[in-house]
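The values are calculated or read from the model by the stated rules, or taken from the named source; none is laboratory data. All figures in this text were calculated on a predicted structure; none of them were measured in a lab. When we count neighbours, we look across all protein chains shown, and the Cβ atoms used for this are built from the backbone with ideal geometry, even at glycine. For accessibility, only protein heavy atoms count, side chains too; no ligands or nucleic acids. Shrake-Rupley method; radii C 1.70, N 1.55, O 1.52, S 1.80 Å.
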Amino acid sequence: LHTDLDPGSSKIKYILSGDGAGTIFVINDKTGDIHAMKRLDREEKAEYTLTAQAVDRDTNQPLEPPSEFIIKVQDINDNAPEFVEGPYHATVPEMSVVGTFVTKVTATDADDPVYGNSAKLVYSILEGQPYFSIEPHTAIIKTALPNMDREAKEEYFVVIQAKDMGGHMGGLSGTTTVTITLTDVNDNPPKFAQSLYHFSVMEDVALGEPIGRVKANDLDIGENAKSSYDIIEGDGMDIFEITTDAQTQDGIIRVRKPLDFETKKSYTLKVEAANIHIDPRFLSGGPFKDTATVKIVVEDADEPPVFSSPTYLLEVHENAALNSVLGQVTAHDPDVSSSPIRFSIDRHTDLERQFNINAEDGKITLATPLDRETSTWHNITIVATETRNHSQVSRVPVAIKVLDVNDNAPEFASEHEAFLCENGKPGQVIQIVSAVDKDDPKNGHYFLYSLLPEMVNNPNFTIKKNEDNTLSILAKHSGFSRQKQEVYLLPIVISDSGTPPMSSTSTLTIRVCGCSSDGIVQSCNVEAYVLPIGLSMGALIAILACIILLLVIVVLFVTLRRHKNEPLIIKDDEDVRENIIRYDDEGGGEEDTEAFDIATLQNPDGINGFLPRKDIKPDLQFMPRQGLAPVPNGVDVDEFINVRLHEADNDPTAPPYDSIQIYGYEGKGSAAGSLSSLESSTSDSDQNFDYLSEWGPRFKRLGELYSVGESDKET
């Protein structure tokens, strides 16, 4: 830098400010020369903006306004091209023509594209020829060979180079890889692995069962390899069918109709496999289909018998004789050996065993009488079994229709009861009755009605046949009276039109009733004549009920009074509260428990039976207590009484009042002691008898005697 104000003296000072001043760029303050102190990189920063100014060295005062200038970094070729998006993957259909677009690659160069050729790139193929080519400037990759076959080679590895400096010497370069895969097209037809297939099948194979598989291979893949199979020729086109397995692309041959070894033993089929998706570009290469021959041999199997008809219908009259033949079923063994057949009835379909069948010829006969009115149809199952192999069984349904014969007489449809008004008029219709017949004639029912011969000249009633097959009952006169006759019985003969005709007699009950003036029935009983006092039947019933109730109350009162007067305890002898037990054994004193049987004291009333309550009825029924078992003589009476007291407290049959039990035995340890001390184990000197004076006047003398004895001893 230099200023026009510089006369060449050293009073001017140059200063520099801005981007990189003092670090990247420095200035000689005397001469104004600017120097770069570091290596510059255009790709990092392409230009720097700086400001220079001349000032007085002594005063630092500016000599002129500051000047701005720009330092631009000039590019050199120091960056190689780079494929940022690599490596690449691309696909192209097989059999493509030359020049078919595959993909495009892109390389970048950090050098200045404007200055020089540092960023001018040229593309080329290092590996992948002669299959593919690349445009030098656009980097578009294309096919270079025609008819590349995926089935021969599916994947190609291509190396692409990008070089700057326009591709000249000294330029920098970078590379990337492109993996190119050929996609499949349908350029291969299906081909059977063999031209002839052999299969065998049993004649009793189930319909729809597969009997074999054929396979047409296709070098293509995916949708292009899918084929459909069809039977185009052969003598079994209607017997067999072929379908495609979607997973394995096999052709599955199945049985469509039943096979019969005795009719046809082998079949020959021509099977075709054709591609489903066809590419029209390759039709000139030939048809995309193939054919193969399939031979199927039918093997003999032991088959069950075959009936001459899938179902049978038989008709029989209900009056058919027992053992008469109703019809016949036939069956045969279709096998070459032709085993004899035996027939039987499945008794689950003929629980009442109404039919039989001849095991040899299949004739069905009647075993029990039939009644069409009970059952019109009988459905049974006939079983045919091979005599040589009992596992070969066939069944056929047989429907037997029972035909009607006139074997039932007509009768009234319901139990009719007619009502005749006392004020009725002559010729009035009393009742219309109808008849039913269990039989079912072809032309329908037609009934004939008549009165019994002795009733033809009946003075009270007559009959009239109606067009609808019903009968009207008419009164011949008026003036019927309930008091004179309440009920009339009219026998009527009903006949049908069958062959032979059947008839029955039904009796119609006609009741005379009191009616209103307009003919409405009001009363049909004779209460007006039975009750002349004017009381109705309801009032009479109420009075009778009251009388019966009073009688019941009186009976209950008397019964309760008698029950109250009876004692609560049932006992043969008088109930004595104090019981004296006599025994002739003197005993050995109060300590002697061996001289008598204490069991005698256990129940003074006796050990047989118990004393039941009469005043109340126990809620629970208890079994009578058994007689008390003898207790060993060594049992303490005090313990014995406590046990009996506990039993009485818990016994529902015990009296509700306190009962005092008195025993002659005082028990061990009595406070009063014994009245006899002849054989006492203790002496008089060991006892104190002062308490006898406290027992009252009855024991006064005894107390004095014992007291004197004590005084004598002391004296």
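Observations on the structure shown:
- Checking every residue in segment 123-145 against the condition of being over 30 Å from Met169 (Cα atoms) and charged (D, E, K, R) gives zero matches.
- Count - residues of segment 278-298 that are out of contact with any Pro (no Cβ under 9 Å at 6 or more places or on another chain) and loosely packed, with under 14 Cβ neighbours inside 10 Å: 5
- Count of segment 299-312 residues which are in contact with a strand residue (DSSP E or B) (Cβ under 6 Å, 6 or more places away or on another chain) and open to solvent by 70 Å² or more (accessible area, probe 1.4 Å): 2
- Flag if Tyr123 is more than 23 Å from Asn188 (Cα to Cα) and not assigned by the TED database to the domain that holds Ala225: yes
- Identity of the residue in segment 329-344, closer than 15 Å to Pro397 by Cβ and assigned to a strand (DSSP E or B), that ends up most open to solvent (accessible area, probe 1.4 Å): Ser344
- Annotation: Lys401 fulfils all but one of (1) surrounded by fewer than 13 Cβ atoms within 10 Å (Cβ to Cβ); (2) assigned to a loop (DSSP other than H, G, I, E, B); the unmet one is (2).
- Flag for Val329 being in contact (Cβ under 8 Å) with a residue 60 or more places away in the chain, under 30 Å from Asp204 (Cβ atoms) and out of contact with any Gly (no Cβ under 9 Å at 6 or more places or on another chain): no
- Test: residue in segment 515-524 that is of a type in the set (A, V, I, L, M, F, W, C), surrounded by fewer than 16 Cβ atoms within 10 Å (Cβ to Cβ) and assigned to a loop (DSSP other than H, G, I, E, B): yes
- Across segment 425-459, the number of residues qualifying as open to solvent by 80 Å² or more (accessible area, probe 1.4 Å), part of a loop (DSSP other than H, G, I, E, B) and charged (D, E, K, R) comes to 4.
- For segment 404-424, a residue qualifies if it is open to solvent by 40 Å² or more (accessible area, probe 1.4 Å), closer than 19 Å to Leu490 by Cα and in contact (Cβ under 8 Å) with a residue 40 or more places away in the chain, and the qualifying residues are Glu411, Glu417, Phe419, Glu422.
- Those strands (runs of 3 or more DSSP E) of segment 119-185 that lie entirely within it include none in which at least 2 residues are touching a Cys at 6+ places or on another chain (Cβ under 6 Å) and open to solvent by less than 60 Å² (accessible area, probe 1.4 Å).
- Within segment 238-259, residues that are closer than 15 Å to Ile276 by Cβ reach partners that are open to solvent by 30 Å² or more (accessible area, probe 1.4 Å) and in a loop (DSSP other than H, G, I, E, B) with beta carbons closer than 7 Å, at six or more positions or on different chains, in the pairs Gln249/Lys226.
- Positions within segment 252-274 being closer than 22 Å to Val185 by Cα and open to solvent by less than 10 Å² (accessible area, probe 1.4 Å), in sequence order: Ala273
- Count of residues meeting criterion [touching a Lys or Arg at 6+ places or on another chain (Cβ under 8 Å) and farther than 30 Å from Gly166 by Cα] in segment 47-92: 6
- Within segment 445-467, residues that are under 18 Å from Tyr488 (Cβ atoms) reach partners that are of a type outside the set (S, T, N, Q) and open to solvent by 80 Å² or more (accessible area, probe 1.4 Å) with beta carbons closer than 8 Å, at six or more positions or on different chains, in the pairs Asn458/Lys476; Pro459/Lys476; Asn460/Lys476; Phe461/Lys476; Thr462/Lys476.
- Boolean, Ile492 is at pLDDT 80 or above, among the β-branched types (Val, Ile, Thr) and not in a strand (DSSP E or B): no
- Among the residues of segment 198-224, those identified as over 46 Å from the mean Cα position of the chain (by Cα) and open to solvent by 20 Å² or more (accessible area, probe 1.4 Å) are His198, Asn217, Asp218, Leu219, Ile221, Asn224.
- Listed conditions (1) of a type in the set (Val, Ile, Thr); (2) open to solvent by 20 Å² or more (accessible area, probe 1.4 Å); (3) farther than 26 Å from Asp404 by Cβ are all met by Val493, apart from (3).
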